[in-house]
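Below is one structure, written out as structure tokens; the observations come after it.
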Amino acid sequence: MPLLLKLVISFMLIGLGAYGGGMVTIPLIQHELVDSRHWLEFSEMARILVVSQMTPGPIAVNAATFTGFRLSGIPGAILATVAVIVPSIVILALLVPCIERFKNKWNLRDFMQGIKIGVLGLILFAVWSYGKAAIKGWLDLAIAAAAFLVLAVFEGKLHPVIVILACGVIGAIVF
Amino acid sequence: MSHSIRQNEENDSMPVSLISIFWTFFRIGLFTLGGGMAMSLVMRHELAIKRRWVKDADFMSLMSLATVVPGAIAVNIAYLLGRRMRSHIGAVMAVLGTILPSFFVILIVAGVFLPFISNPKVTAFFRGCAIAIVSQLAFTGFIFGRTLLRNWKQCAVCAAGMIPACVFGIHPIFGIITAGVLGYWLLPKKKPEGAGGNAPTA
């Protein structure tokens with residue numbers, strides 16, 4: 001299979017699984033790009049995630065552009081970016097005309113509750129799989145614990161990018 | 001109080017021009033940091049409250065649709081708002097406006113800054129940042145776990161979401177599907193009048 005086609009399929013899967021926000025795309029991206037296709041090193045993927053968090057736009061879309069560009073230049077960037085948004089656009093396009101019928105008959109919301117919890121399961125899984133690769137020693141673990149405490153103390157009032165930047169500065173000093 | 005999500009064909013006011021649709025979404029896409037939820041809040045402010053291109057109640061019902069389908073929320077809500085205002089071509093303009101800024105920013109970062117990444121201080125900086133993402137994941141898990149994992153059934157559904165990726169190493173998307181099916185079967189059904197679309201945004 002040509003590389004560009006594989007790229008499109010991978011990012012369509014990421015787009016389909018990106019359910020309810022950016023964090024859940026991290027395990028999907030790691031699975032597709034690092035663990036299963038070996039297109040990127042873990043450290044490279046982590047860098048893409050960091051850049052995606054610090055630049056405007058959804059993480060999945062940013063990661064698609066970055067990975068596509070990295071693997072096959074501008075055409076790759078365009079294809080991966082389109083691939084990541086196509087599944088949800090197609091689903092929305094199909095749902096919009098019949099949304100009124102959906103509301104009463106087929107109870108989407110009951111299915112949704114399970115999906116929400118499944119997404120949480122994936123995020124917890126990512127804490128393990130991503131964490132295992134990112135945290136290499138006690139110093140790393142201490143930085144992660146401190147960042148978690150800061151996030152927990154401020155509970156959403158502090159922008160995560162500030163915590164990421166602060167950890168980056170600490171990293172530049174201590175590593 | 002049922003607001004049709006379908007495109008409003010008998011719109012009596014002047015239709016919004018395609019260029020202003022594109023430009024508005026482009027600016028929101030360029031200046032909003034912090035992911036889909038933050039972006040959709042800005043969209044609500046700009047389109048529903050400030051410019052009144054859509055009714056606020058319509059925005060809210062589009063928003064609940066945008067969160068029940070997969071994909072980036074910002075792109076989903078842009079598609080729905082664009083389609084609502086100017087049908088399919090409006091949707092194309094809104095989606096392009098939303099993703100083009102980040103597309104170009106990422107290209108610049110990947111093309112211009114990548115060569116500098118071999119610098120050891122830059123590598124150390126990124127390593128520190130990557131560690132913070134672990135904390136961010138753990139924090140997101142903690143916040144949603146606190147409200148979503150309250151009995152053994154919910155914990156079982158959560159485990160079902162992890163098992164395909166964790167134990168069998170297959171695509172995590174199967175975990176989401178398994179959890180959806182198991183949740184449908186195991187969790188108590190909601191009342192049909194559940195109007196609030198409070199999907200968690202991680």
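Assess whether residue B:146 counts as being of a type outside the set (A, V, I, L, M, F, W, C) and in contact with a helix residue (DSSP H, G or I) (Cβ under 7 Å, 6 or more places away or on another chain).
Taking the combined requirement at face value, the residue does not satisfy it.
Regarding region B:99-114, can at least one residue be identified that is within 30 Å of residue B:21 (Cβ to Cβ), buried (at least 23 other Cβ atoms within 10 Å of the Cβ), of a type in the set (Gly, Ala, Ser) and touching a helix residue (DSSP H, G or I) at 6+ places or on another chain (Cβ under 6 Å)?
The answer is yes; a qualifying residue exists.
Restricting attention to region A:13-55, report how many residues are closer than 20 Å to residue B:70 by Cα and not acidic (Asp, Glu).
23
Could you tell me whether residue B:97 is within 10 Å of another protein chain (Cβ to nearest Cβ) and either under 23 Å from residue A:53 (Cβ atoms) or modelled with pLDDT of 90 or more (or both)?
So residue B:97 fails the test.
All but one of (1) farther than 25 Å from residue B:126 by Cβ; (2) surrounded by fewer than 16 Cβ atoms within 10 Å (Cβ to Cβ) hold for residue A:145; which doesn't?
The failed condition is (1).
Check off (1) crowded, with 18+ Cβ neighbours inside 10 Å; (2) over 17 Å from the mean Cα position of the chain (by Cα) for residue A:33 and give me the number that stays unchecked.
Condition (2) is where residue A:33 drops out.
Can you name every residue in region B:44-90 that is of a type in the set (Gly, Ala, Ser) and assigned to a loop (DSSP other than H, G, I, E, B)? Full working, then the answer.
Here is the first cut: in region B:44-90, the ones of a type in the set (Gly, Ala, Ser) are B:48, B:57, B:61, B:64, B:66, B:71-72, B:74, B:78, B:82, B:87, B:90.
Result: B:71, B:72.
Looking only at region A:116-131, decide whether some residue is more than 7 Å from every other protein chain (Cβ to nearest Cβ) and modelled with pLDDT under 95.
Within region A:116-131 (the criterion being more than 7 Å from every other protein chain (Cβ to nearest Cβ) and modelled with pLDDT under 95), the answer is yes, since at least one residue qualifies.
Do the conditions hold for residue A:165, that is, is it surrounded by fewer than 20 Cβ atoms within 10 Å (Cβ to Cβ), more than 7 Å from chain B (Cβ to nearest Cβ) and in contact (Cβ under 8 Å) with a residue 12 or more places away in the chain?
The answer is yes for residue A:165.
Please go through region A:78-94 and give me each residue that is of a type in the set (Gly, Ala, Ser) and within 7 Å of another protein chain (Cβ to nearest Cβ), ordered by number.
Within region A:78-94, just A:88 meets the criteria.
The values are calculated or read from the model by the stated rules, or taken from the named source; none is laboratory data. No experiment lies behind these values; they were computed from the predicted model shown. No Cβ is skipped: glycine too gets one built from the backbone with ideal geometry, and neighbour counts run over all protein chains shown.
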